[in-house]
Amino acid sequence: MIRRIILFGSIFLYFAIVFCFGKTVFSFVHAAMGGGMSLAGLFAILYHGFAMDMSMSGYLSILPGLILIASVWLPPKAVARVFNIYFMTILFLIAVVTVTDIILYPHWGFHFDSMVFLYLRQPGEALASATTGELSGGIAGIAIFTGVACTGYALIIRKQTLALRTPRSLPLTPAVLLLLTGALFLPIRGSLTTSTMNPGRAFFSGNMFYNHAAVNPVFNFFYSFAKAEDFAMQYSFFDEEKAAAIFDGLHRQQAGGVTAPLLANNRPNIILFILESFVADIALDSVVAPNMRRFAKEGVFFPNFYANSFRTDKGMVAVMSGYPAHPTVALMKYPQKTESLPTISKSLKQAGYGNMTFYYGGDADFSNMRSYIVGECGIKDIVSDSDFPAKARRTKWGAPDEYLLERLFRDLLEKEQPAPFFKLALTLSSHEPFDVPVNKFRQPFLNSVHYTDSCLGRFVERLQTTAAWDNTLLIFVADHGYGYLPEMSGHDPRRFRIPMIWLGGAVAQPQVVEAYGSQNDLAATLLAQLGMHCGDFKFSKDLLNTGTHKFAFYAYVNGFSMTDATGSVIYDNDAQTAIYQEGNPALEEQAKAFFQMMYLDLENR
């Protein structure tokens with residue numbers, strides 16, 4: 001009996017050791033993101049995250065516990081064979097999650113979660129983000145991690161298993177083991193109070209990287225599944241009436257508010273560019289992106305503009321539907337909900353706009369994009385990777401931006417375009433792995449932005465020589481930002497601030513609009529300029545109307561931020577506290593209400 005009890009404890013602790021090993025590797029690989037890593041810092045990470053490691057160990061020890069009960073009547077070699085299958089499988093899966101998380105964390109700024117399965121529906125597109133070095137390094141890392149973990153299993157678990165003997169106290173041994181297996185409920189739950197184990201239990205530091213490093217990535221991965229569907233109850237900061245009242249106060253338009261005109265007429269042709277990863281600090285740099293910098297001076301520039309989230313599919317819904325991004329939900333995954341959303345293109349179509357086309361150099365089916373573009377946006381004409389010659393589809397994502405913009409320009413000249421028309425173009429060259437034909441900067445991301453910027457510059461210069469220029473509005477906005485510096489955390493405002501620029505002959509005059517806003521505000525702002533109704537866009541506000549409250553909102557995993565002229569707040573749902581606050585203290589309550597109403601609205605769609 002004693003041998004089985006010791007083996008049971010060894011199994012439980014071994015899983016915890018494996019998790020600690022993974023977090024140690026994670027901490028040192030990404031130490032620069034936390035400002036460095038000392039032994040004291042590592043100890044704090046492992047100490048504060050150990051309860052979560054034990055919780056996950058508890059889950060994984062249930063089946064071995066039941067097998068140990070059965071081992072009383074089985075020969076040791078048979079038990080060892082069953083253990084071999086179980087442990088090899090589990091340790092391999094732990095290696096996959098841990099190593100994948102280490103690779104993705106610098107790009108995402110947080111532990112990857114259940115949303116990964118949406119992107120794995122098109123594995124070719126999902127893998128296109130990774131460089132050859134990352135892919136080969138990931139495979140090697142998984143092999144090494146699995147090898148080390150399985151070696152430990154052989155020396156610690158398998159050796160003890162083969163040494164098992166039939167116990168003398170036959171009725172007592174299975175009873176004790178059953179009691180121990182049942183006791184796993186305690187570490188699994190993590191508490192005897194109403195609070196159960198969750199990622200926030202590992203948070204202990206003002207340095208968010210340390211908090212993320214303490215979180216068990218395997219626990220976080222499976223925890224995200226439990227939170228994937230229960231939209232209405234996920235974030236309940238206030239009763240619904242109070243949340244609605246605060247939200248209405250944020251979006252109420254004061255009587256007498258006047259919308260400042262930006263356009264020379266209210267029916268221009270519109271070309272909306274959604275630019276991959278164009279974070280403001282880089283996309284407005286005069287050396288990296290001289291054309292975007294020039295556009296900002298020649299057109300209408302919104303310097304205090306933010307992405308709502310961190311992925312293209314979320315950014316597209318925010319831009320086209322004026323609907324803020326939910327951090328725990330890939331909304332394009334739910335066509336039954338997106339079909340109830342308004343879209344800019346549908347509003348334009350009702351106002352007489354035609355010749356609507358979506359241009360993208362990659363796979364239009366990625367992330368369920370085609371369903372949204374055709375079904376919700378009402379854009380039937382799609383130009384995507386298969387419409388470009390094979391020699392043009394030379395990158396992992398598809399055709400580079402020069403081919404995309406050449407096709408758009410050629411269509412404008414060669415195809416009949418009864419006015420007014422609407423075109424939507426999504427770039428891709430500034431997406432990982434940034435494989436572009438430019439080598440001006442040491443950092444690949446800077447090269448990719450510089451490349452796309454040069455393509456946009458040539459497109460605009462050529463369009464200016466045509467008759468279409470005088471009545472065309474070009475809108476440039478990013479799909480999301482990008483953490484181009486190692487020290488930029490997943491919630492860093494610099495990751496989310498993006499450019500929005502209106503350019504073209506349809507713009508009345510150059511100007512700077514200082515109002516704070518986010519992607520979801522483009523819909524109401526544009527439609528108001530066109531004299532169209534925008535009341536269906538519940539979460540969108542006109543940034544040019546003097547009677548609206550101007551604020552920017554973005555969400556990260558798992559938290560949100562609100563910024564306006566009076567201050568800024570960043571609230572982390574895992575930590576259950578504001579991790580940054582400056583200026584107006586009322587912003588926290590307003591941000592919570594806005595965030596809660598996002599999920600209540602989603603549940604009701």
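The values are calculated or read from the model by the stated rules, or taken from the named source; none is laboratory data. Values in this document were obtained by computation on a predicted structure and should not be read as measured data. Backbone-built Cβ (ideal geometry, glycine too); neighbour counts: all protein chains shown.
Details
- The residue pairs whose first member lies in segment 379-391 and is surrounded by 12 or more Cβ atoms within 10 Å (Cβ to Cβ) and at pLDDT 90 or above, whose second member is assigned to a helix (DSSP H, G or I) and not charged (D, E, K, R), and whose beta carbons are closer than 7 Å, counting only pairs six or more residues apart or on different chains, are ILE379/SER345; ILE379/ILE373; ILE382/ILE373; PHE388/TYR403.
- Figure legend. Inter-residue proximity from segment 60-78: first residues of a type outside the set (Gly, Ala, Ser), second residues outside any helix (DSSP H, G or I), beta-carbon distance below 8 Å, spacing 6+ or different chains. Indicated pairs: ILE62/LEU184; VAL72/THR166; VAL72/PRO167; VAL72/LEU170; PRO76/ALA163; PRO76/LEU164; PRO76/ARG165.
- Whichever residue in segment 202-221 is over 22 Å from ALA578 (Cβ atoms) and under 17 Å from the mean Cα position of the chain (by Cα) and, among such residues, is modelled with the highest pLDDT: PRO217
- GLY547 in a loop (DSSP other than H, G, I, E, B) and touching a residue at least 40 places away in the same chain (Cβ under 8 Å): yes
- Pair list, Cβ < 7 Å and 6+ apart or interchain, from segment 501-517 residues that are on the phi < 0 side of the Ramachandran plot to residues that are in a strand (DSSP E or B) and of a type in the set (Gly, Ala, Ser): TYR516/ALA552; GLY517/ALA552
- Sub-7 Å Cβ pairs linking a first residue in segment 14-43 that is within 17 Å of SER55 (Cβ to Cβ) to a second residue that is acidic (Asp, Glu) and assigned to a helix (DSSP H, G or I), at least 6 apart or interchain, are ALA16/ASP53; PHE19/ASP53; CYS20/ASP53, ordered by first then second residue.
- Scanning segment 204-222 for residues that are crowded, with 24+ Cβ neighbours inside 10 Å and assigned to a loop (DSSP other than H, G, I, E, B) returns VAL215, ASN216.
- Out of THR427, THR395, sole residue that is at pLDDT 90 or above, surrounded by 18 or more Cβ atoms within 10 Å (Cβ to Cβ) and either touching a Leu at 6+ places or on another chain (Cβ under 8 Å) or among the polar types (S, T, N, Q) (or both): THR427
- Listing of helices (runs of 4 or more DSSP H) fully contained in segment 270-321 that carry 3 or more residues being within 23 Å of GLY535 (Cα to Cα): 312-321
- Of the criteria (1) farther than 30 Å from SER224 by Cβ; (2) part of a loop (DSSP other than H, G, I, E, B); (3) modelled with pLDDT under 90, which one ALA364 fails: (1)
- Within segment 361-378, the residues that satisfy the criterion of being within 18 Å of THR338 (Cβ to Cβ) and crowded, with 21+ Cβ neighbours inside 10 Å are ALA364, PHE366, SER367, MET369, TYR372, ILE373, GLU376, CYS377.
- Scanning segment 564-579 for residues that are farther than 16 Å from LYS550 by Cα and in contact (Cβ under 8 Å) with a residue 40 or more places away in the chain returns ILE570, ASP572, ASN573, ASP574, ALA575, GLN576, ILE579.
- Residue-level analysis places GLY182 outside the set of residues that are under 42 Å from the mean Cα position of the chain (by Cα) and at positive phi.
- Filtered residues of segment 330-340 (kept if surrounded by 21 or more Cβ atoms within 10 Å (Cβ to Cβ) and under 25 Å from ALA528 (Cβ atoms)): LEU331, THR338
- Just one residue in the set PHE459, PHE445 is assigned to a helix (DSSP H, G or I) and either basic (Lys, Arg) or surrounded by fewer than 23 Cβ atoms within 10 Å (Cβ to Cβ) (or both); that residue is PHE445.
- Within segment 291-321, the only residue that satisfies the criterion of being acidic (Asp, Glu) and either more than 26 Å from the chain's Cα centre (by Cα) or surrounded by 24 or more Cβ atoms within 10 Å (Cβ to Cβ) (or both) is GLU298.
- Residue check for HIS480: in contact (Cβ under 8 Å) with a residue 12 or more places away in the chain, assigned to a loop (DSSP other than H, G, I, E, B) and under 20 Å from LEU272 (Cβ atoms): yes
- Total residues in segment 33-89, condition under 20 Å from ARG158 (Cα atoms) and in a helix (DSSP H, G or I): 31
- Qualifying residue in segment 483-499 (condition: of a type in the set (D, E, K, R) and in contact with a Pro (Cβ under 8 Å, 6 or more places away or on another chain)): no
- Hey, PHE358 in contact with a strand residue (DSSP E or B) (Cβ under 9 Å, 6 or more places away or on another chain), at pLDDT 95 or above and not in a helix (DSSP H, G or I) or not: yes
- Residue check for TRP397: in contact with a Gly (Cβ under 9 Å, 6 or more places away or on another chain), under 29 Å from TYR105 (Cβ atoms) and either in the same structural domain as GLN350 (by TED's automatic domain parsing) or part of a helix (DSSP H, G or I) (or both): yes
- Taking the listed residues SER371, SER429, SER347, SER340, the one that is more than 23 Å from the chain's Cα centre (by Cα), among the polar types (S, T, N, Q) and on the phi < 0 side of the Ramachandran plot is SER347, with no other qualifying.
- Only one of PHE8, PHE26 that is surrounded by 17 or more Cβ atoms within 10 Å (Cβ to Cβ) and within 23 Å of ASN198 (Cβ to Cβ): PHE26
- Residues of segment 95-116 that turn out to be modelled with pLDDT of 85 or more and in contact with a helix residue (DSSP H, G or I) (Cβ under 6 Å, 6 or more places away or on another chain), as a count: 8
- Test: residue in segment 48-70 that is of a type in the set (S, T, N, Q) and surrounded by fewer than 17 Cβ atoms within 10 Å (Cβ to Cβ): no
- Reported count of residues in segment 35-45, each being under 19 Å from ARG201 (Cα atoms) and either surrounded by 18 or more Cβ atoms within 10 Å (Cβ to Cβ) or of a type in the set (Val, Ile, Thr) (or both), is 3.
- Residue count for segment 1-35 under the criterion of being within 33 Å of the chain's Cα centre (by Cα) and of a type in the set (A, V, I, L, M): the result is 8.
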